[in-house]
């Protein structure tokens, strides 16, 4: 699968892309770190084997890991997996969806269509599998990402609220 939008090319990631995936995963982590104090620093996340685990998950969960390129240079990545809800209140056909776990485009290349092209390729993956729903999450304080996802057609579905509990000691 190779897809181009304007000058953006999307291609499947390979094992040879591991250093690039590590750079982008670290970029995503460092971007979100100021927005979420529960996240670990990128170096620690990578040392814990994030990228190998992501690639394993891709193989085990009908997933897809993609690289976005502009003029032949990698500028971002996306990763998605197939998830099946165990919620017995849902219709059986609605329980399966493609979940976008990671989407990142380096700062200098944002606004040039790479994120939209990555999402379109993941949508194609879902449709090829016969799956009719996609989900993606973002931190509530990441308004730019939320706008990009809504521009692609995502709509609010659930709202997760969180409270940090006092220490109790």
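The values are calculated or read from the model by the stated rules, or taken from the named source; none is laboratory data. Computed from a predicted model, the values in this text were never measured in an experiment. Cβ atoms come from the backbone with ideal geometry, glycine included; neighbour counts cover every protein chain shown.
Can you tell me which residue is nearest to the chain's Cα centre (by Cα) among those in segment 105-132 that are surrounded by fewer than 15 Cβ atoms within 10 Å (Cβ to Cβ) and within 22 Å of residue 84 (Cα to Cα)? Residue satisfying both the conditions and the ranking: 124. Confirm whether residue 126 is more than 15 Å from residue 62 (Cα to Cα), touching a strand residue (DSSP E or B) at 6+ places or on another chain (Cβ under 9 Å) and either part of a helix (DSSP H, G or I) or at pLDDT below 90 (or both). Criteria not met by residue 126.
Would you call residue 41 touching a residue at least 12 places away in the same chain (Cβ under 8 Å), crowded, with 20+ Cβ neighbours inside 10 Å and more than 19 Å from residue 137 (Cα to Cα)? It is false that residue 41 is touching a residue at least 12 places away in the same chain (Cβ under 8 Å), crowded, with 20+ Cβ neighbours inside 10 Å and more than 19 Å from residue 137 (Cα to Cα).
Quick grid of which residues meet (1) out of contact with any helix residue (DSSP H, G or I) (no Cβ under 6 Å at 6 or more places or on another chain); (2) surrounded by 20 or more Cβ atoms within 10 Å (Cβ to Cβ); (3) touching a residue at least 24 places away in the same chain (Cβ under 8 Å); (4) outside any helix (DSSP H, G or I):
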residue: 26; (1), (2), (3), (4): no, no, no, no
residue: 30; (1), (2), (3), (4): no, no, no, no
residue: 46; (1), (2), (3), (4): no, no, yes, no
residue: 58; (1), (2), (3), (4): yes, no, no, no
residue: 62; (1), (2), (3), (4): yes, no, yes, yes
residue: 79; (1), (2), (3), (4): no, yes, yes, yes
residue: 83; (1), (2), (3), (4): yes, no, yes, yes
residue: 88; (1), (2), (3), (4): yes, no, no, yes
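Restricting 139, 165 to those that are modelled with pLDDT under 90 and exposed (fewer than 12 other Cβ atoms within 10 Å of the Cβ) reduces the list to 165. Looking across segment 89-101, the residues that are out of contact with any strand residue (DSSP E or B) (no Cβ under 8 Å at 6 or more places or on another chain) and either under 21 Å from residue 128 (Cβ atoms) or at pLDDT below 90 (or both) come down to 90, 91, 92, 93, 94. Can you name the residue in segment 1-24 that is farther than 16 Å from residue 115 by Cα and not in a helix (DSSP H, G or I) and, of all such residues, is modelled with the lowest pLDDT? My answer is 1.
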